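Read-outs: derived from the displayed coordinates by stated rules, not from any lab. Here the structure is a predicted model, which means the values were calculated and not measured. Note that we place each Cβ from the backbone using ideal geometry, even for glycine, and neighbour counts take in every protein chain shown.
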Amino acid sequence: MTQELQADRLMAKEKIFVVDSEPRILKLVKHNLPKGDYLVKGVLGSEKAISEAIYNRPDLILIDLKASSKGGLNVCRELKSNPITDRIPIIIIAAKGRDSDIVAGRRLGADNCLTRPLSTRLLQAVMERILRKNDQHPDIEDGALNIDGLAIDPFDHKVILHGAVLRLTATEFAILYFLAHRPGQVLTRDQITRAVKGRDLHDTDRSLDVQMVQLRRKLGDAAQLIETVRGVGYRFRA
């Protein structure tokens with residue numbers, strides 16, 4: 001990891017997403033964390049929550065199940081099954097008496113489950129414990145990659161090639177990281193599309209190929225690291 005990436009990370013605020021939440025829950029979260037240390041953002045809609053998490057890599061996600069649990073549980077399932085987001089801690093907020101939601105959330109990988117009405121002290125304690133645990137046991141070295149002068153940092157969404165920062169779109173970055181994290185493995189177009197699906201990537205081979213052309217152009221000489229496997233997909237050279 002470069003000194004530039006490390007310095008940038010020290011200045012970064014921890015990011016917290018509150019998914020499908022009513023304004024009262026979002027306000028509660030904001031008021032129960034030290035001001036200036038965190039960036040708290042409300043995200044409405046399951047698809048947006050997944051894409052935002054992939055692109056912005058929050059440090060913690062709260063999913064408010066509200067009256068219907070289907071959308072929130074799907075978000076939890078998608079995030080925990082995606083290698084780009086599977087290490088992001090998730091707290092489920094369920095309605096009192098909906099034990100089935102709590103059980104389902106735990107099975108899907110949620111790190112903690114709380115019920116309404118929320119105790120502000122309990123919410124703050126749980127959030128701070130999870131965030132403190134992440135600070136003490138960071139996954140940065142496991143997530144960041146450095147291959148032949150190409151540094152890929154999934155936490156700050158930054159790619160540096162021989163000292164120069166590359167200006168990649170969120171989708172281009174997600175494709176590059178997904179491939180680079182699996183060197184030598186042939187990945188089908190469908191696997192890549194499902195893993196990084198977002199604003200600029202649709203369920204067509206052509207859409208992925210267009211993104212790949214743009215990514216390779218920006219990578220310059222490093223584009224040779226991405227190999228096309230005809231009729232199948234792509235592979236990052238080991």
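Worth pointing out:
- Members of LYS27/LYS66; LYS15/LYS48; LYS133/LYS158; LYS13/LYS158; LYS15/LYS133 lying beyond 20 Å, as alpha-carbon distances in this model show: LYS133/LYS158
- 5 angstrom amide H check on ILE147, placed H, neighbours 5+ away: ILE152
- Each of GLN214, LEU166, ALA151 was scored by the projection of its Cα onto the charge dipole of the range 142-236, and the greatest displacement toward the positive side belongs to GLN214; charges sit on the C-beta of Lys, Arg, Asp and Glu.
- Cα centre as origin, Lys/Arg/Asp/Glu Cβ charges: the range 142-236 dipole, Debye: 220
- Mean-position separation - Cα centroids, the range 142-179 and the range 93-128, in angstrom: 34
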